[in-house]
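Written out below as structure tokens is the structure these notes cover.
The values are calculated or read from the model by the stated rules, or taken from the named source; none is laboratory data. All values derive from a computational prediction rather than experimental measurement. When we count neighbours, we look across all protein chains shown, and the Cβ atoms used for this are built from the backbone with ideal geometry, even at glycine.
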Amino acid sequence: MCGIVGYVGNKKATPVLIKGLLSLEYRGYDSAGIAVIEDGKLLVMKDKGRVANLQEITDSINPDATIGIAHTRWATHGKPSRENSHPHMDNSGEFAVVHNGIIENYHELREFLTEKGYKFSSQTDTEVIPNLIHYYYTNGVKTNTPFLSAVKSAVDDLRGSYAIEVVSSLYTDTMIVTRKDSPLVIGKGNGENFVASDIPAILSYSKDFYLLDDNEYAVLTADSINFFDSSLSEHSKPIKNIEWDATAAEKNGFEDYMLKEIYEQPTAIRETIGAHFHLGEKCDFPEIDITADYLKTINKIYIIACGTAMHAGLVGKNAIERLCHIPVEVDIASEFRYRNPIINEKTLCIYVSQSGETADTIAALKLARSKGAKTLAISNVIGSSITREADYTVYTHAGPEIAVASTKAYTSQVVLLVILAMYFAELLGTTEQSILDNLKASILDLPTAIETVLDQTEQVKEFANKIYTEHDMYFLGRGTDYCVAMEGSLKLKEISYIHSEAYAAGELKHGPIALIENGITVIGILTDPDLVEKSISNLQEVVSRGAKTFIITNQKLTNTSFDFIINIPETESIISPIVSIIPLQLLAYYISKNKGLDVDKPRNLAKSVTVE
Ligand code: M6R
């Protein structure tokens, strides 16, 4: 998805902007651009392709400007090209804008502006914005803040989602930013200020952030940041200190972010467990005031999310149902928001999102609130949109996840959902304390269990070397092993571009077994002692049809004819998906590496999906 960076200060803006754009590369993009104010005029440098191309342009010009806006574009309206890249300027060349999101009514705005004599040089929805600003600047009501008033009037005409940065050659020391349904943060410096769509872009410059709200405006100079609401009344705003370390967003000697993040999972889990429980003590979530009385009124829980976060939700469902005896439904956010789900004040809706900015998940949350349900957000990003919309928020502490393919966020989400389930169970008294105590001990052992699996990386690599040229693979499991099969299959698709499907092992003979032919690879996850025998039978069926099998198990398997077995430590079955996913993450990673693909930035994908 698109990325935004902005700088106003006392040093050269371009290197700061380029560095910020480079750290946003992981979001996925197809073109990049910068606008600075040089000698009182707007200077726009942009092109399709990588930030490295843009850097060649900016290095050759080497402007002295100390204020600028920057953008990486992920094409929505109009193909990737120089003309369609941001920043866009108005016809007079006085206003430059970068924009994340989608302007839904841009056709009608374009017609309106065309009638007024404006011309357009791109196919983007964004180009209407600088022209509208110019229109209102020259035709709008006169105020004593003409720049801000013109931006506000233009924004009032927009329908859709946006995070916008504006600079003008008429106001050479000022930048205006605003947002709706698209993230934007402001980093406060000393004699300099920063803007970004994503915290890692400016983490090396500031740890003190303002999180801009929907329909809020900020006017920035080198020495000031002023906030205004949608009626342009000025207000103050609390600053937040973000604990992430800038080096946490670097590769630290690993070849790729994904591999680093796979190896960070023991730490991410330790950090996420944090102070939520200690052995022999009850779980604690001081950040949310959910009471036993409230929980007793709940007759249904929804867990709503997208992609990997939804897979974490599936594992969470099992934990909540088993420990709390409350029915849980897991829904894909993009489906939930349009299917008129049955929700009322007796429903608790839990939203899981690493970024906290996924457009469908946010919309699904707003829907549940409008129907009177309480909402609880699980996010990895402090102050992200979802956390600001929800009634309650709990955080995973995985640290910045840069690789598009989610790994440490998934395992952290699962562990947090399980701890939440234990917390609810303790409030409700639905599970014997001794069972919960055993589970707690097992959770505390997870980091060591994961380290044991990571020690087997070479074996996984060996199997990856054998199968990386294949075109189709199947993942099988029952119960939570099926949830892991789905997540393993998604990881493989995303970064290796190999077609794969996950099936509940018992479903195989209801259709998919027709696809099994000699030499095909089938991956089986066998960790639930109650279901393992049944899954083995299903896997034997594929073996007898010539499949090559890669098995992940924590059970002692005897008399089987599987080709490759990875033994993982046994844990309580509720949390086994946190351990059994590790070899599958590694498998996808090494297959992708063998194919020479860009593991961290797979084609067509973006880290945070801020449009529908
Ligand atoms: O930021 P979110 O957790 O809301 O993102 C949800 C999905 O877009 C995300 O998990 C996606 O499926 C990942 N690329 C999976 O690796």
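Observations on the model:
- Among the residues making up the range 262-309, a single one is polar (S, T, N, Q) and in contact with a Phe, Trp or Tyr (Cβ under 6 Å, 6 or more places away or on another chain): 308.
- Residue match in the range 418-440 (condition: within 16 Å of the ligand (Cβ to nearest atom) and either assigned to a loop (DSSP other than H, G, I, E, B) or within 25 Å of residue 580 (Cβ to Cβ) (or both)): no
- Each residue in the range 324-363 was checked for being among the β-branched types (Val, Ile, Thr) and more than 19 Å from the chain's Cα centre (by Cα), and 5 pass.
- Those strands (runs of 3 or more DSSP E) of the range 168-272 in which 3 or more residues are buried (at least 19 other Cβ atoms within 10 Å of the Cβ) occupy 171-180, 185-188, 193-196, 208-211, 217-220.
- For the range 462-491, the set of residues classified as closer than 20 Å to residue 526 by Cα and of a type in the set (Lys, Arg) consists of 478, 491, listed by residue number.
- Residue check for residue 294: within 16 Å of the ligand (Cβ to nearest atom), out of contact with any His (no Cβ under 9 Å at 6 or more places or on another chain) and not in a loop (DSSP other than H, G, I, E, B): no
- The set of residues in the range 399-420 being closer than 23 Å to residue 196 by Cα and under 12 Å from the mean Cα position of the chain (by Cα) consists of 400, 401, 402, 403, 404, 405, 406, 409.
- Filter pass, residue 538 being over 27 Å from residue 28 (Cα atoms) and touching a residue at least 60 places away in the same chain (Cβ under 8 Å): yes
- Restricting 84, 105, 62 to those that are of a type in the set (S, T, N, Q), out of contact with any Gly (no Cβ under 9 Å at 6 or more places or on another chain) and assigned by TED's automatic domain parsing to the domain that holds residue 198 reduces the list to 62.
- Put simply, of 505, 514 the only residue that is small (Gly, Ala, Ser) and surrounded by 22 or more Cβ atoms within 10 Å (Cβ to Cβ) is 505.
- The range 462-502 - residue that is assigned to a loop (DSSP other than H, G, I, E, B) and surrounded by 17 or more Cβ atoms within 10 Å (Cβ to Cβ) and, of those, nearest to the ligand (Cβ to nearest atom): 498
- Among residues of the range 377-399 being part of a loop (DSSP other than H, G, I, E, B), more than 12 Å from the ligand (Cβ to nearest atom) and touching a residue at least 40 places away in the same chain (Cβ under 8 Å), the one that is farthest from residue 269 (Cα to Cα) is 383.
- Flag if residue 367 is assigned by TED's automatic domain parsing to the domain that holds residue 390, over 22 Å from residue 409 (Cα atoms) and in a helix (DSSP H, G or I): yes
- Residue in the range 324-344 that is over 27 Å from residue 2 (Cβ atoms), part of a helix (DSSP H, G or I) and either of a type outside the set (Ser, Thr, Tyr) or in the same structural domain as residue 199 (by TED's automatic domain parsing) (or both) present: yes
- Total residues in the range 91-113 satisfying the condition of being buried (at least 24 other Cβ atoms within 10 Å of the Cβ) and over 31 Å from the mean Cα position of the chain (by Cα): the figure is 1.
- Qualifying residue in the range 306-321 (condition: in a loop (DSSP other than H, G, I, E, B), more than 12 Å from the ligand (Cβ to nearest atom) and crowded, with 20+ Cβ neighbours inside 10 Å): no
- When the criteria are applied in full, residue 122 fails the requirement of being modelled with pLDDT under 95, closer than 15 Å to residue 101 by Cβ, small (Gly, Ala, Ser) and surrounded by fewer than 23 Cβ atoms within 10 Å (Cβ to Cβ).
- Per-region count, the range 337-357, residues within 10 Å of the ligand (Cβ to nearest atom) and under 18 Å from residue 420 (Cβ atoms): 5
- Every residue from the range 322-350 that is of a type in the set (Gly, Ala, Ser) and surrounded by 21 or more Cβ atoms within 10 Å (Cβ to Cβ): 333
- Residue in the range 312-324 that is over 23 Å from residue 494 (Cβ atoms) and either of a type in the set (Ser, Thr, Tyr) or touching a His at 6+ places or on another chain (Cβ under 9 Å) (or both) present: no
- All positions within the range 358-374 that are buried (at least 24 other Cβ atoms within 10 Å of the Cβ) and within 15 Å of the ligand (Cβ to nearest atom): 358, 361, 362, 364, 365
- Taken as a whole, the condition of being at pLDDT below 95 and among the β-branched types (Val, Ile, Thr) applies to residue 343.
Each row is one residue, and each column tells you yes or no for (1) crowded, with 23+ Cβ neighbours inside 10 Å; (2) within 16 Å of the ligand (Cβ to nearest atom); (3) more than 20 Å from the chain's Cα centre (by Cα); (4) modelled with pLDDT under 95.
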{"position": "558", "(1), (2), (3), (4)": "no, no, yes, yes"}
{"position": "569", "(1), (2), (3), (4)": "no, no, yes, no"}
{"position": "576", "(1), (2), (3), (4)": "yes, no, yes, no"}
{"position": "580", "(1), (2), (3), (4)": "yes, no, yes, no"}
{"position": "594", "(1), (2), (3), (4)": "no, no, yes, no"}
{"position": "597", "(1), (2), (3), (4)": "no, yes, yes, no"}
{"position": "604", "(1), (2), (3), (4)": "no, yes, no, yes"}
{"position": "609", "(1), (2), (3), (4)": "no, yes, no, yes"}
{"position": "612", "(1), (2), (3), (4)": "no, yes, no, yes"}
